[in-house]
1. Which cross-chain or sequence-distant (5 or more) residues have an amide H under 5 Å from the amide H of M91, H modelled 1.01 Å from N in plane?
2. Taking K2 as the anchor, which lysines have their alpha carbon closer than 17 Å to its alpha carbon, excluding any fewer than eight residues away along the same chain?
3. Each label point is 7 Å from the Cα along the Cα-to-Cβ direction; what then is the distance between the points at Q173 and M160, in nm?
4. To the nearest 20 debye, what charge dipole does the chain have about its Cα centre, counting +1 at the Cβ of each Lys and Arg and -1 at the Cβ of each Asp and Glu?
5. Quick check on the exposure proxy: order S193, S48 from fewest to most C-beta atoms within 10 angstrom.
6. Ordered by residue, what ³J(HN,Hα) values in Hz, to whole numbers, does the range 140-155 give under the Karplus form 6.51 cos²θ - 1.76 cosθ + 1.60, where θ = phi - 60° and Gly and Pro are x?
7. Running Debye on the chain with equal point scatterers at the Cα sites and no solvent, what base-10 log of I(q)/I(0) appears at q = 0.07, 0.10, 0.12 Å⁻¹?
8. Gap in Å between the Cα centre of the range 219-242 and the Cα centre of the range 37-97?
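Every number here is computed from the coordinates shown, using simple stated rules; none is lab data. Keep in mind the model is a prediction, meaning the values are calculated, not measured. Here Cβ is always computed from backbone atoms with ideal geometry, including for glycine, and neighbour counts include all displayed protein chains.
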Amino acid sequence: MKATLYIQSAVRHDLTYLKQSYYTPPFKVADITEDKKSGLLHLMLMCSSPGVLEGDDYRLKIDLEENCHLQLHTQSYQRLFPMQQGASQVMEVYLQKGATFVYIPHPVVPHKQAVFTVRNKIYLQGNNRLIWSDLLTCGRKLNGERFEFVKYHNVTDIFMQGRLIIKENCLVQPGVVDMHTIGQWEGFSHQASLIILDNPENIPPIYEAVNTWLQQQIGLSVGISSPTNTAIFIRILGNKAEPLFHCLNKIADLAIATSKRSFGLC
């Protein structure tokens, strides 16, 4: 199945609203914003398909006008069914000046023989805030499927005014690499990653708040770094999907609460 999704948001009276949207099956978009006066638009990306099937090709485009603040939610876990050739997804996000985008999708569950390639391209124009995550499981763990998928490849490119500033390349091939060895998943069954981009003055307090909270969590292996004065990278290994998903959402909440910027005009 070839499916497309387009979302465009804009600002009216200091509030972000859904300007226009277009989608084909199995996609659908719903506005789930509870506080209409907060300035932050919450949209739910819904999907009527039980999961990603052989040959599926998803194309998503998100366009945020100046000073928009959007958080895109997903409806449920993304299941990758058995395949021969594989499936793919391309997601493009365009943030104009002052725009904020938060994306914490549900965990990806690759079934036996799944092959999935994801390519994300994010274009920033300045004074942006981005919170972007990915959570991959070992498969249907309770069914005895641990690392029986063929390949999961997720590449994220982030551009600032046309210049590549961040590239994350996550390639997991259990049949090629021992996932339990040092430098891989080291006995854990779930991996989460999160990228935070913000203004330089906001990064140190966000880093301190997030790092302090992460050090208090039990049963996780965590790595956090700030390679530039505008970015924070976090990698987390654990053994359960739901706690990791809540962990990513908690980090996003901390980052937003700690940032000196509001969801009003930037």
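1. L60, R119, N120, K121
2. Of all the lysines, those that pass the test against K2 - Cα under 17 Å, at least 8 places apart if same chain - are K28, K61.
3. That separation, rounded to one decimal, is 3.3 nm.
4. It works out to roughly 240 debye.
5. S48, S193
6. Once rounded to whole Hz, the list reads 7, 4, 6, 8, x, 8, 10, 6, 9, 7, 7, 7, 10, 10, 10, 10.
7. For the chain at q = 0.07, 0.10, 0.12 Å⁻¹, log10 I(q)/I(0) is -0.24, -0.50, -0.73.
8. 22 Å
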